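All of the numbers you see were taken from the coordinates with simple rules; none came from a lab. Because the structure is a prediction, the values reported are computed rather than measured. Here the Cβ is made from the backbone with ideal geometry for all residues, glycine too, and neighbour counts use every protein chain on show.
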Amino acid sequence: MKNQIFKSVMIVFLIVLLPALGSAAEITKTFAWDSPADLAQIKNWEMHWGSTKGGPYAKLVDVPKDGNFEEPVTVDISGPPGTNQTRYFVMKACGDLPQADGGTKYECSDNSNEVSFTVWIPAAAFQLPVNFRILPD
């Protein structure tokens with residue numbers, strides 16, 4: 001069995017509950033993968049995500065070759081209060097591939113397997129009654 005290099009990246013999910021009120025919850029998830037053997041050609045990784053199983057996916061972030069960020073990546077996930085929201089993720093290995101003319105061309109691999117993460121968007125707390133008072137008889 002070949003030695004595999006284990007990579008991981010931490011993503012902080014900022015779940016927006018009520019954008020108008022600015023309420024939010026923070027959830028941290030760490031993604032991990034085994035690096036392929038041809039690591040020398042890899043310049044970086046790309047993480048893509050989408051809200052539909054099987055894609056389409058949008059590029060979320062470039063991940064450094066070593067898999068480490070100075071700070072976690074923050075993303076927003078919002079939805080109606082009281083619902084589950086699922087996001088789907090794939091990784092790509094990217095780097096310079098040799099070309100017939102002796103040069104190189106930056107390309108990325110096909111998508112990795114898909115992983116998913118589901119968050120519950122809790123219902124908002126009730127707002128306080130406004131201007132509570134006693135009315136004259």
- Query: By the scheme Lys and Arg +1, Asp and Glu -1, what is the net charge of all other residues having a beta-carbon under 10 Å from that of K59?
  - Reply: -1
- Message: If amide hydrogens are placed 1.01 Å from N in the peptide plane, which non-local residues have theirs closer than 5 Å to the one on S35?
- Response: I5, F6, K7
- Message: Students often forget the sequence filter, so: which aspartates and glutamates lie under 13 Å Cα-Cα from K53 once same-chain residues fewer than 8 apart are removed?
- Response: E114
- Any GluC sites (Glu not before Pro) in the stretch 20-115 that lie in a DSSP loop and have at most 13 other Cβ atoms within 10 Å would be E70
- chymotrypsin sites (Phe, Trp or Tyr not before Pro) within the stretch 95-137: DSSP coil, no more than 14 neighbouring Cβ in 10 Å: F126, F132
